[in-house]
Each structure stands twice: as C-alpha cells, then as structure tokens.
Amino acid sequence: MRVLLLTTFFAVSVAAEPQSTPTPPSTPSQSDETVPREFQSFAQVNAFRGAIDDPDGYVNLRSEPRVDAPVVTKVKKDEPFSFERKESAQWCKVKLSSGAGGWMHYSRIKLFFTKSDLPEKPKEGDEIDQQAPEHGMNYYEVTQAAAGGDKAALQTFFSVWDFADGAGAEEHTGVISVVIHLIGDDALAKFLSEQSRDFRAMVKHSFEVDVTFPFETTEYFRRHFPKTAKILY
C-alpha cells in the first residue's frame, strides 16, 4: 500500500508571526521523501509535505527560526513544500520546490495531499486490504469513493476503525489523514453533522491516533478544520 504520511501540512490567523527562541534547532540532513509512519520511531527528524493556510494568502519564509529574521521569500497559498519538524519544535525547516529553504512557524503549516497519496490497488502484504474483505469490504474501492466525498463510502471508510488492528490499523490511520485533507473541512463537517453522536465519537477517536502527525490533533483541527472541530470538540 502506497501512502505518503503526513505527510500531503498547518496555519492560524494571527495579527503577527509567533515569537520564537533565537537558537535554531540542529537538524540533520534529510531527503524530501516522507518517512513512513512505521519507521518514524527510527528517525530523528521526519520529512513531510505541507502548504500554508493563512488568510493573507502568503507566509514569510525566514532565514532563521525567529520572527525578526530576514525574509527569504514569500510562500503563497497552494504552493506545496517539504518540511521537517523536530519533536515539538516551534519552527519547521522548509524547502520549496524552487530549492529555496528557510524556516516557518509550525502554526502556519497545513499538511498537504493529492489523490496520488491514496493507496494503490491491493498488493500482497497490505494488512488492511486483507482484513477488509472479512467484513465484506473492498478497501481500495471504498477509499477512492470516500476521497471523492461519497457519503455512503465515508460511513464505511470511518467504520473500518471498528475492526482494523495491528499493521492494518496503522495503515488506515495514514489513509484517514489523506482522505480528510482531500475532501476538506466544509465537506467533512457537513458529513459529520448528519451522523449519529456515537458515529461522531468513533470518528473523533480515530482522529486522535496520529492522524495529524507531527501536529497535536485538537489544536490542528481547530486551526485548519474549524467547522469540523466545532462538531467534534
């Protein structure tokens, strides 16, 4: 199963950029490839893909991890980039597709995904694809439909959490992140508003298992999925 884990990025509307510590964190060299979730415990710094989420439509990329550092360039809305975040660091190391690099406060970054980040057709060894048929489900087809906003598919997709376990649950967690970012806050909030309280509680629980890694779940949803957050939190 091919899933780029959040991976495919966060921001908050504030009047001024957040304050920082003047000393940049020491960050080892990393490739632009996203580190699969199952290997993250072995990596000092994980690489992800993100984009800004800011009402101004841009965020300053700075030469050092502090608010008064010189501006390298302005990063515009819908401009994907790779970034690294070391544990709970306030500033993330960012690299643009142009090759320019710098620092951005974590609160300005939202995880970024495309349809190519959805799972490919099942291959031998994909745990979730082996578990799903036992419950009358074609995981690949359900995931594709859910990412397109199909309500029946979304109900089935989120219900996978009821039976997924082990490696299958880990795989599904990564796919949840991709799906919710593809359908967006408006569609996700509308869908959840039409579901039962128990179903929403189950979805909320599924979100709390590293779905927004490397960001804290509740804070992330309140910043980047505000309509959904009002329903779940």
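Legend: distances between Cα atoms for Lys110/Lys230; Lys74/Lys190; Lys86/Lys123; Lys110/Lys151; pairs beyond 28 Å are Lys74/Lys190; Lys86/Lys123. Applied to region 187-195, the Karplus parametrisation 6.51 cos²θ - 1.76 cosθ + 1.60 on θ = phi - 60° returns per-residue 3J(HN,Hα) values of 5, 5, 5, 4, 4, 5, 5, 9, 9 Hz, with x for Gly and Pro. Each residue of region 78-86 was assigned a 3J(HN,Hα) from its phi angle through the Karplus curve 6.51 cos²θ - 1.76 cosθ + 1.60 (θ = phi - 60°); the sequence is 6, 9, x, 8, 9, 8, 10, 10, 8 Hz, with glycine and proline shown as x. Taking the number of Cβ atoms within 10 Å of each Cβ as an exposure proxy, the fewest-first ranking of Val71, Val209 is Val71, Val209. For region 140-156, putting each phi into the Karplus relation 6.51 cos²θ - 1.76 cosθ + 1.60 with θ = phi - 60° gives couplings of 4, 5, 4, 5, 4, 5, 4, 5, x, x, 5, 5, 5, 5, 5, 4, 5 Hz, in residue order, rounded to whole numbers and with x for Gly and Pro. Among the GluC sites (Glu not before Pro) in region 53-159, those placed in a DSSP loop whose Cβ has at most 14 other Cβ atoms within 10 Å are Glu87, Glu120, Glu124.
No value in this document is a laboratory result; all are computed from the given coordinates. Bear in mind the structure is a predicted one, so any value in this text is a computation, not a measurement. Counting neighbours? That spans all protein chains shown, and the Cβs are built from the backbone with ideal geometry, glycine included.
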